[in-house]
Structure formats: C-alpha cells, structure tokens
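K.L.:
What follows is a single structure, and I will ask about it in a moment.
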Amino acid sequence: MGVGQAIRYWFMKEVGAPALMRLQKGRKGRRRRPRPHLGPPLSSASRLREIMTRHYFLARYAKGARPVAWVSSGAPVELLRVFDFYTVYPENHGALCGAQKMGQEICQEAEKKGYHHDLCSYARIDLGHAFSGKTPVGRLPKPDLLFCSNNICQTILYWFKELSHYWNIPLILFDTPYNFQEIKGSDIQYMVEQLEAMVPRLEAISGRKYSDSRLKGVLTLAKETSELWGRILATLKARPAPMSIFDAFVHLAPVVSLRGLPVSRQYYQLLLQELQERVKKGISAIKHEKRRLMWDNIAVWFKLRDWSHLFAERGCNFVAATYTNAWAETIHYLDPSKPFESMARAYSFVILNNNLKHRLNLMREMIRDYQIDGLVIHSDRSCKPYSVGQYDMGRILAQDLGVKTVVIEADMTDSRMFSEEQVRTRLEAFFESLGH
Amino acid sequence: MRGRVPDRLTYLLEQKEKGRAVFGVFPALCPKEMLWAMGVVPAEIWDPPLELVKVNSHLQPYICSVVRSGMELVLQGKSDFLDGFLFPHTCDSIQNMASVIKDCMGPEKPCYFFYLPKAPYTEAARTYYLTKLQELAGSLEKQLGGFDQERLGECVRLSNRISSLIEKLYAMRAKGRLRGTSRSFYQLLRKGEHLMPEDLIPLLEQYLTQNTLSEPKGSSGVIFSGILPNPLELLDVLDQLGTRVVHDDLLNCGRRLLAPKMDTTIGPLEALAERYFHLPPCPTKGSGVQERLDFLLDLVKKTDAKGIIFNMVKFCEPEWFDLPFIQKGLKDHGVPTLVLDMEINQDLSAQMITRVEAFLELIS
C-alpha cells in the first residue's frame, strides 16, 4: 500500500467526506415530485443518502490506501472486514445504475465487447463499467480481489471469472452446495474448510494479519445489524404499515454493502426508532392503505419511483418482500463463538440457495404474518435462480391461501427488456381482482 | 446386441423387463458407473424432440431449451415409466427445475441431487466430492438395495474400456482416418446416453473396425464448441462441404467423454472422485477463462483445425459468459471463429447455412 495514497485516503475520510456531507446538507433539496397518495417521507432517508454518498466518495480514494475487494451480495464479507478490505458491491452499484436509469447505457458497453444481451444485466452493467468507466458514482476503485459466493446464483461465478481474467486479479469463491434437501454435515464441513483456507490467502493479498477476536467483533456487529433490519421489516406488520417495500429496497443498502461496520448498525437503530414512532402515531407509508401486497424477486430499479405512486394511488402498499427479507432471514445463525461454522450455516441457508419447498413455506408464513392480500411476482429475466419456479409457486400460493397473484415479466435494470403496456395491462387486471 | 440396436424407448423398456430400474438423468456430469453398479440404467435427458407446449406454464421463455424440453418430457408424461430422477448440479436453471419437479409437481418417484464442487478447487473439494459419492450410494441403496464396491470396481473397468474406445475414435477422426460422417460419429457417441456398457462397447468396437482407414483422407477440419452436436443437419452441411469436425469441446461429448482413465489400483469411489478433477475444462464447473482458452488453442494445434464453431444454446449463461474473451484470445492467435445462436431442436435455416458456408470459405 502506498504512503501517498494512504495520506490522501485519510485526508478525504477526515476532511473531504465531512465537507461533502456539509455541502450536501446545505444544498436545497431538489424539487420533489408531488406525493398526493404517499404519506410523509422518512426523515432517516437523508442520513442514508449521506452514508451511501460517503461510501462511494471514499471508494474513489481507497485504491492503494486499503486493500479493495469487489464482493457479491451473498458472500461472507465479515471475513474481509478482519483484513480491512474496502468493499464494493457490484450488485448494489448495478441497482444504483438501474435506479438512475443508466442501466441500458452501461449494459451496451458490455454488449459492444460481445456480451449477449440475454446475460444478467447486473453483470453486463458491471462489465460495461469495467470496460468504459461509466458510473453514476464518479469512479469505482479497481479491486485487488474478487470475492463471491454462489449461494445467490452460479451466474456470479461466471461473471466474476470474467473480471478476474480481464484484470488478472485473484478470485476467491465460497462454494455453497445447493440445499436440494436438508443440509448435511458434509456440506457444512466443506464450507468451513473453504473459509479456513481463505485466511492465509487473504493475509497474503491484504498484507494484514488475521485476528480471531476481530472476526468475532465483526460477526457480532453483522448479526446485530441484520437483527435490526429484521425488526425494521417487522414494523411493516402494523396496519397501516409505516414504510413501504419500495422504501425498504432503498434502505437495504447498508445491510448489504456495509454489513459488519458500525455505521450500518447505527443507521438501522435510527431508522427503527423512526418507524416505531410512525407506528405509534399511525403514520402510514401511503395515504389510504386498503390492500397489502408482497413482492417476489429483485426490484425493477428503474420503475421504483413510478410504481410507488401507481400502487399508492390504488391504495395498495407493499408490506413484505422475499428479497428484502433475505438479509434478515439467516444472519441470526452467525455465532461469534463458532465463527466459521456459523458463517457456513448463515450463508448456506439464504433463500436462493434453498429448495423451493423452503421458499414456499417462507412465503406462506410471510403472507400470514403480514396479512397479505396480493402477491406481485417479478419474473426477472436476469435472475434465473429467483425466477425459475415462480409460476408454480404463484399458482400453489393462490390455490392454498386464496391470495391474488400477478406475474410481471421484466428485468431489474435493463429497461429494454420491459414492456410498459404489457405490464400495465397485467397490473390493471390485478388491481381489478383486488377489488378496485 | 451386435447388429441390432433398438430405439431408445424400446431399449429402456426392455431393460425394465429384465428387472433393471431406469432413471432419468439430467445434464451433465454424474457418476454413471454408480448407477450401473446398482443395476440402474441411466437415461440421460438432454434434448427430447418435443413441441414445447406444457412447459410454458411452468418455465419462462428466457430459460434455455435444454431445461425447457427436459421439463416438457416430464409434463407430457413421457417419463412416467422411469423409476427415479437424478439431477446433477450443472447450472441455476437445472438446479431450480429439479426443485420445481420435486417440490411443486411432486412426481411419485425418488429425486436425487448430486452437487458438484465448483472451481477454482480447494483441497476441501476433493474430500467433499468423495463424501457426496458415498452419500449418493447410501441414498440409492435405500431404494435399490445393496451397494457392492466390487461391482462398482467392475463398472469402473467397463467405463475405462469405453473411455479408451472413445479416445481412439477421437484420435482416428482427428487424423482423418475415420470413414464415417460427423452425423454417424455423434449419433454413435450419443447412444452412450442410454445404453448400458455391455451394449455400448460392441457398438463402439464395431464402428472403429468398420470405419478405420489405413490412409488419412485429407480435408480441412473445424472444432465444435458448446453444449450439443445439434442439429444433425449442421453436421451434414459440414460433411457436404468437405469439412470434418476434427474435435469438440461440447459439454455433451468431449468435455465429459474424454475422461482420463480411472485408477483401478485404488478404491472405485476414490477413482471416480479423481476423474472429476481431471476432466477437460468446462464453464459449468467454473473453469477459468484462460484455462479454457489454453485448452482450445492446444486442441487447434494438435488437430490442425482451421477454425472453431461455437454452437451456442440460447440463454445458456455458462457458455455465453466466457465467449467474448475466448473469441478474442483465439483471434489474437489467428484462429477464426463462428458463433451460432440456436435452440436445441431448431431447424437449420437457410441464413444459418449461408453463414456456415461463408465461414468455411473463409477458412479454406
């Protein structure tokens, strides 16, 4: 690591970032779109903006000052924290590009290099960014390490392999056997041995020593953060719900990208407090909550804002999502007294690494607990492990629980794979079935 | 069996009459020797030639045709006579299709799953793979009765015999010393998707005997890469234009059939485990891009191939991801490539034929 880069990073952390935050606070808020059907916005949102802006701002200066890793959303990042890696999440970056409506443009940069437009759009955005440097966040640091787990998909391995080849940098895979049935002792053992074998490699790449006590501290923080996130989502059980899943998609960023750091725990304490207050005062996410909905799959990032208005106008509030729930569902398995074994369990049990029976049971439970009237299934052409099986699960849930369901064919970030008219027609029929 | 080869369904039904169980096995890599040893006939399901109708209410159109046609087979009841399914962990779509079949459609037959560790391999992967083999044997034993290590040893030896014959077929073909067409070559290889070793070995031997030339026939050659040697009409076009397929990098063929011989001096389970880690590189296993590129360049060098045809299946992520860097790497080494984007049972269009013809002209 270079001394110059370390000084620059330290300066930006201690002086540059706080100055940027002050500047942002002093700036007049942009003109908001009228919110005739939405409740008052969450005041914590401004703190979230600060945190994420600071994270991406400092990322620009991290290279050379700290080891940098690009990490997949389902990878056990806690281990990297021990070695002081600055972590960047390409999936979070992809979502950001999608929400900023830059998905198509950056995907095309990958397509120019020969990547087929049928491939995952997060991957195309990431590769497109790597080839062109295009991003809405200024600049991402080139990684020293790629760190992924195939507990979310096999695609992540194919994608990170490309980056590893392009930059000639190491790739560490945490291979998590798919739970077709019950997990076996041999699966846990395999995962534990992989995690243990990562330690000397991470020491060599980062130039830092492993510390058992540091890992335990990070695991405690991650577990508490995830539990807070779970409590935040549980506030949506209230009628009316104090927040919508459209908000949760955005407020998810710290538990994904900054898990294991104090800032994410602090933020969720703040958000939880605000939501509890809203529940007490009966402040709702939408003005007239008549129907409560559940979302399945990743968000359609470029439609988030439009749809929050569209559904609110119809008195429909999304109060649960299998996607946002994923970061609350399994992290409680983390146990600082058994760090490696508990990481293996926590990361193996994530929703996409589990069979569909598990997912069906989880959805049944959520439909009951959150008093769901309707289920919106996003069939995401970029995400096969989330989407294959959705047609059957939707039918089973509709039959067993009488919940209204609609399937919308879309993509999380590539707006070319989205037919506004077709989806609108389906949603209109869905609203009708809900009694509107 | 010599001289009489019943069609696939007749063969499988005959096997059932003999008292053997028949399992539907989805792509791609699985320890078939273990099934043989337990008296099970593995019937691989890659590309059943069916009109895709029923599957549309279960799987999205953006799922690859290998998975969609496999599920169509199940939905049309054409797999009802099977005694079980085995799903190797090949990709996200097969993984979830396995769970749809087991958890949502509920066939009243056993479903087995076989997880394959992904590269880059750690030391733990070897131990794990061996343990998975033992666990699979244990599960099969519950349905089918005793598992006999000695019988497995015999099946390993039969498998080695098959590998030797296939290796020889590939070698003779590469040298231009095989008379048969590309169509007949791949039709023969694909019989291994359902024939038991005692029936497959004579066919391989017969083909070698009948088609070996004493002198090589000279013609330019290409390498085929992708999932399957489909459609057969594509192979016919190559034959008609005087171009031989001199080797392949197909998941269905070379990537698994050109397995190194298993060590018969160690335990059969250990031998099976070792083989997995020595198969040619494949993106479904997580092999690195450079490893694949080096492998293809080596094939080109060994076979003097004039180009590579990537016969891609639409929506097959493992194959498509690697393609740009592999194509670039091949181009940097002066190896021309052609990419075809197809569904597995798609007819060969005139446009496609023109592209193939243009490519062959370019390399000749």
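K.L.:
Based on this model, can you work out whether A:Lys63 counts as out of contact with any helix residue (DSSP H, G or I) (no Cβ under 6 Å at 6 or more places or on another chain) and open to solvent by 90 Å² or more (accessible area, probe 1.4 Å)?
P.N.:
No, not satisfied.
K.L.:
Right, next: Among the residues in the range A:82-95, are any farther than 19 Å from A:Ala253 by Cβ and either open to solvent by less than 10 Å² (accessible area, probe 1.4 Å) or part of a helix (DSSP H, G or I) (or both)?
P.N.:
Pass one, the range A:82-95, residues farther than 19 Å from A:Ala253 by Cβ: A:82-84.
Right, trim to either open to solvent by less than 10 Å² (accessible area, probe 1.4 Å) or part of a helix (DSSP H, G or I) (or both) and you get A:82-83.
Among the residues of the range A:82-95, at least one is farther than 19 Å from A:Ala253 by Cβ and either open to solvent by less than 10 Å² (accessible area, probe 1.4 Å) or part of a helix (DSSP H, G or I) (or both), which makes the answer yes.
K.L.:
Quick test of your reading of the structure: A:Phe160 fulfils all but one of (1) open to solvent by 20 Å² or more (accessible area, probe 1.4 Å); (2) more than 7 Å from chain B (Cβ to nearest Cβ); (3) not acidic (Asp, Glu). Name the failing condition by number.
P.N.:
(1)
K.L.:
Just one of B:Tyr121, B:Tyr129 is among the aromatic types (Phe, Trp, Tyr), closer than 26 Å to B:Lys261 by Cα and in a helix (DSSP H, G or I); which is it?
P.N.:
Going through B:Tyr121, B:Tyr129 in turn, just one is among the aromatic types (Phe, Trp, Tyr), closer than 26 Å to B:Lys261 by Cα and in a helix (DSSP H, G or I): B:Tyr129.
K.L.:
On to the next question. Scan A:Val77, A:Val3, A:Val68 and give me the residue that is touching a Pro at 6+ places or on another chain (Cβ under 9 Å) and either in contact (Cβ under 8 Å) with a residue 40 or more places away in the chain or under 24 Å from A:Leu140 (Cβ atoms) (or both).
P.N.:
The conditions single out A:Val68.
K.L.:
Among the residues in the range A:143-155, are any away from chain B (no Cβ under 14 Å), under 21 Å from the mean Cα position of the chain (by Cα), surrounded by fewer than 22 Cβ atoms within 10 Å (Cβ to Cβ) and touching a residue at least 40 places away in the same chain (Cβ under 8 Å)?
P.N.:
No: zero hits.
K.L.:
Just for helices (runs of 4 or more DSSP H) wholly inside the range A:346-436: which have at least 2 residues that are within 13 Å of another protein chain (Cβ to nearest Cβ) and open to solvent by 50 Å² or more (accessible area, probe 1.4 Å)?
P.N.:
Output list reads A:356-369, A:390-401.
K.L.:
Can you work out which of the residues in the range A:171-183 that are in contact with a helix residue (DSSP H, G or I) (Cβ under 7 Å, 6 or more places away or on another chain) and at the interface with chain B (Cβ under 9 Å from one of its Cβ atoms) is farthest from B:Pro110 (Cα to Cα)?
P.N.:
A:Leu171
K.L.:
Please name all residue pairs, on different chains or six or more residues apart, with Cβ atoms under 9 Å, provided the first residue is in the range A:417-428 and is in contact (Cβ under 8 Å) with a residue 24 or more places away in the chain and the second residue is open to solvent by 50 Å² or more (accessible area, probe 1.4 Å).
P.N.:
Hits for this filter: A:Met417/A:His117; A:Met417/A:Arg381; A:Met417/A:Glu409; A:Phe418/A:Glu409; A:Leu427/A:Arg314.
K.L.:
Does the range B:272-295 contain at least one residue that is more than 28 Å from A:Ile172 (Cβ to Cβ), out of contact with any Pro (no Cβ under 8 Å at 6 or more places or on another chain) and surrounded by fewer than 21 Cβ atoms within 10 Å (Cβ to Cβ)?
P.N.:
No, the range B:272-295 has no match at all.
K.L.:
Show the residue pairs meeting these rules: Cβ distance below 8 Å; 6+ apart or different chains; first residue within the range A:9-27 and closer than 16 Å to A:His55 by Cβ; second residue open to solvent by 100 Å² or more (accessible area, probe 1.4 Å) and not β-branched (Val, Ile, Thr).
P.N.:
A:Gln24/A:Arg49
K.L.:
If you take the residues of the range B:231-255 that are open to solvent by 40 Å² or more (accessible area, probe 1.4 Å) and in a helix (DSSP H, G or I), which of them is farthest from B:Phe114 (Cα to Cα)?
P.N.:
Once the filter is applied, the top-ranked residue is B:Gln240.
K.L.:
Name the pairs whose Cβ atoms lie under 6 Å apart, with the first residue in the range A:324-338 and among the polar types (S, T, N, Q), the second assigned to a loop (DSSP other than H, G, I, E, B), and 6 or more positions between them or separate chains?
P.N.:
Listed by first residue and then by second, the contacts come to A:Thr324/A:Leu252; A:Thr330/A:Phe349; A:Thr330/A:Val350.
K.L.:
Any residue in the range A:125-140 that's closer than 12 Å to A:Arg60 by Cβ: show its pairings with residues that are surrounded by fewer than 18 Cβ atoms within 10 Å (Cβ to Cβ) at Cβ separation under 7 Å, as long as the two are six or more apart or on different chains.
P.N.:
Final answer for the pair search is A:Gly138/A:Arg60; A:Arg139/A:Arg60.
K.L.:
Do we find that A:Ser213 is open to solvent by 10 Å² or more (accessible area, probe 1.4 Å), part of a helix (DSSP H, G or I), farther than 16 Å from A:Ser284 by Cβ and among the hydroxyl-bearing types (Ser, Thr, Tyr) in this structure?
P.N.:
Spelling it out, A:Ser213 is indeed open to solvent by 10 Å² or more (accessible area, probe 1.4 Å), part of a helix (DSSP H, G or I), farther than 16 Å from A:Ser284 by Cβ and among the hydroxyl-bearing types (Ser, Thr, Tyr).
K.L.:
Filter the range B:320-351 down to residues that are within 14 Å of chain A (Cβ to nearest Cβ) and either surrounded by fewer than 22 Cβ atoms within 10 Å (Cβ to Cβ) or out of contact with any helix residue (DSSP H, G or I) (no Cβ under 6 Å at 6 or more places or on another chain) (or both), then give me how many there are.
P.N.:
Counting residues in the range B:320-351 that are within 14 Å of chain A (Cβ to nearest Cβ) and either surrounded by fewer than 22 Cβ atoms within 10 Å (Cβ to Cβ) or out of contact with any helix residue (DSSP H, G or I) (no Cβ under 6 Å at 6 or more places or on another chain) (or both) gives 17.
K.L.:
Sort through A:His309, A:His288 and tell me the only one that's over 18 Å from the mean Cα position of the chain (by Cα), more than 17 Å from A:Ala45 (Cβ to Cβ) and surrounded by fewer than 18 Cβ atoms within 10 Å (Cβ to Cβ).
P.N.:
A:His288
K.L.:
Continuing with this model, one more query. Has the range B:81-96 got at least one residue that is open to solvent by 50 Å² or more (accessible area, probe 1.4 Å) and β-branched (Val, Ile, Thr)?
P.N.:
No - not one qualifying residue is present in the range B:81-96.
K.L.:
Of the conditions (1) in contact with a Lys or Arg (Cβ under 7 Å, 6 or more places away or on another chain); (2) surrounded by 24 or more Cβ atoms within 10 Å (Cβ to Cβ), A:Gly138 fails just one. Which one is it?
P.N.:
(2)
To keep it simple, each residue is scored yes or no on (1) open to solvent by 10 Å² or more (accessible area, probe 1.4 Å); (2) within 8 Å of another protein chain (Cβ to nearest Cβ); (3) part of a strand (DSSP E or B); (4) modelled with pLDDT of 95 or more.
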position	(1), (2), (3), (4)
B:Asp47	yes, no, no, yes
B:Leu59	no, yes, no, yes
B:Ile63	no, yes, no, yes
B:Leu73	yes, no, no, yes
B:Ser99	no, yes, no, yes
B:Lys109	yes, no, no, no
B:Pro117	no, yes, no, yes
B:Gln134	yes, no, no, yes
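K.L.:
While we're on this one: May I ask you to list pairs of residues, at least six apart or on different chains, whose Cβ atoms are under 7 Å apart, with the first in the range B:106-125 being among the basic types (Lys, Arg) and the second being open to solvent by 40 Å² or more (accessible area, probe 1.4 Å)?
P.N.:
If the second residue must be open to solvent by 40 Å² or more (accessible area, probe 1.4 Å), the pairs left are B:Lys109/B:Asp83.
K.L.:
Across the range B:75-90, which residue is nearest to the other protein chains (Cβ to nearest Cβ) among those that are of a type outside the set (S, T, N, Q) and in contact with a Phe, Trp or Tyr (Cβ under 9 Å, 6 or more places away or on another chain)? Break it down into steps so the answer makes sense when it comes.
P.N.:
So the first thing to find is which residues in the range B:75-90 are of a type outside the set (S, T, N, Q), and the list is B:75, B:77-78, B:80-89.
Narrowing the set further to residues that are in contact with a Phe, Trp or Tyr (Cβ under 9 Å, 6 or more places away or on another chain) leaves B:82-89.
Details: B:Leu82: 18, B:Asp83: 19, B:Gly84: 14, B:Phe85: 11, B:Leu86: 11, B:Phe87: 7, B:Pro88: 11, B:His89: 6 Å.
The selected residue is B:His89.
K.L.:
May I pose another question? Among A:Gly98, A:Gly128, which is touching an Asp or Glu at 6+ places or on another chain (Cβ under 6 Å), more than 9 Å from every other protein chain (Cβ to nearest Cβ) and either open to solvent by 10 Å² or more (accessible area, probe 1.4 Å) or part of a helix (DSSP H, G or I) (or both)?
P.N.:
A:Gly128
The values are calculated or read from the model by the stated rules, or taken from the named source; none is laboratory data. Treat the numbers as computed from the prediction; the structure is a model and nothing was measured. Using ideal geometry, Cβ is built from the backbone for each residue, glycine included, and neighbour counts are taken over all protein chains shown. Accessible surface is based on the protein model in full, side chains and every heavy atom, while ligands, DNA and RNA are left aside. Shrake-Rupley method; radii C 1.70, N 1.55, O 1.52, S 1.80 Å.
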